[in-house]
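The structure under discussion appears below in the form of structure tokens.
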Amino acid sequence: GNSVTQMEGPVTLSEEAFLTINCTYTATGYPSLFWYVQYPGEGLQLLLKATKADDKGSNKGFEATYRKETTSFHLEKGSVQVSDSAVYFCALTLIQGAQKLVFGQGTRLTINP
Amino acid sequence: DTAVSQTPKYLVTQMGNDKSIKCEQNLGHDTMYWYKQDSKKFLKIMFSYNNKELIINETVPNRFSPKSPDKAHLNLHINSLELGDSAVYFCASSRPLGTGGELFFGEGSRLTVL
């Protein structure tokens, strides 16, 4: 089946630290990969995505590269801010047929000033 | 203008009651979804509708009945509520099937069953 495994949280960092949140996937076909972010009290919103191998998604200083050989899509940011505190979800979808996002378990990130 | 809006935002009710959550999107999308987020933040799809037609039904108890009166609305009715139904329910919408596009989520409806 299709599944996503994320780094266990919670993750606590100081402002300006380097961030990596690991994500690996299992899929029967060729998925598109996503990172969604959920700020406190809000719904999820798309942070970035990549639709094929070696694509790099980027947004708001965050980056993730679609690595087919390691089935990974790790999220990175060079210098985090307090406002980045949120829950981050890695997800995949197979674009053939019904579109169904399969989420990882989420990683809570807290950034201290 | 909110793109995907859900009501109510909070719902507290007793076991055995019946309740509904409404969802509306003004993005012109054809496809809408219900996701359930449990207390550990794990998100799982429940249903998906495309142009008012059910296309995904993920082993959800038949106490849960989605209804889509038109492609801009997808409501969720829950009969005989149980303690385990306590969760945050998210509505979402997206462009047509097969495009691999972004899902737009509502702010969630927190259901607490006592």
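The values are calculated or read from the model by the stated rules, or taken from the named source; none is laboratory data. Computed from a predicted structure; not experimentally measured. Cβ atoms come from the backbone with ideal geometry, glycine included; neighbour counts cover every protein chain shown. Keep in mind that these areas ignore ligands, DNA and RNA; they rest on the heavy atoms of the full protein, side chains included. Shrake-Rupley method; radii C 1.70, N 1.55, O 1.52, S 1.80 Å.
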For this session: Starting from the residue with the highest accessible area, list A:26, A:107 in decreasing order, probe 1.4 Å.
Result: A:26, A:107
Problem set entry | Hydrodynamic radius of the protein assembly as shown per Kirkwood, over alpha carbon pairs, in Å | 18.1 Å
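Using the heavy atoms of the protein chains alone and a 1.4 angstrom probe, what is the accessible area of segment B:2-48 per residue in square angstrom?
Value returned for segment B:2-48: 51 Å² of accessible area per residue.
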For this session: Go ahead and set up a Gaussian network model of chain A, Cα springs under 10 Å, then flag whichever of A:57, A:78, A:41 fluctuates most.
Result: A:41
Seminar exercise, completed: Taking r as the C-beta separation of residue A:85 and residue A:3 and R0 as 45 Å, the FRET efficiency to the nearest 0.05 is 0.95
Problem set entry | Added length on full extension, which subtracts the Cα-Cα distance from 0.36 nm per residue, residue B:14 to residue B:102 | 28.1 nm
Exercise. Modelled label-to-label distance, residue B:2 and residue B:26, 7 Å Cα→beta-carbon offset: nm?
Worked result: 1.1 nm
For this session: Go through A:43-54, B:61-72 and give me the packing order, highest mean Cβ count within 10 Å leading.
Result: A:43-54, B:61-72
For this session: Compute the whole-percent fraction of alpha carbon pairs in chain A spaced more than 21 Å apart.
Result: 31 percent
Exercise. What are the radius of gyration and Dmax of segment A:9-69, computed over its Cα atoms and given in Å?
Worked result: 13.1, 39
Exercise. In Å², nearest 100, what accessible area do chains A and B bury in total when the solvent probe is 1.4 Å?
Worked result: 1800 Å²
For this session: Rounding to the nearest 20 debye, state how big the charge dipole of chain A is about its Cα centre with +1 on each Lys and Arg Cβ and -1 on each Asp and Glu Cβ.
Result: 360 debye
Exercise. Along the Cα-to-Cβ line of residue A:108, 7 Å from the Cα, sits a label point; which residues in segment B:38-59 have backbone N less than 16 Å from it?
Worked result: B:38-43
For this session: Apply 1/(1 + (r/R0)^6) to the Cβ-Cβ distance of residue B:58 and residue B:80, taking R0 = 22 Å, and write down the FRET efficiency to the nearest 0.05.
Result: 0.65
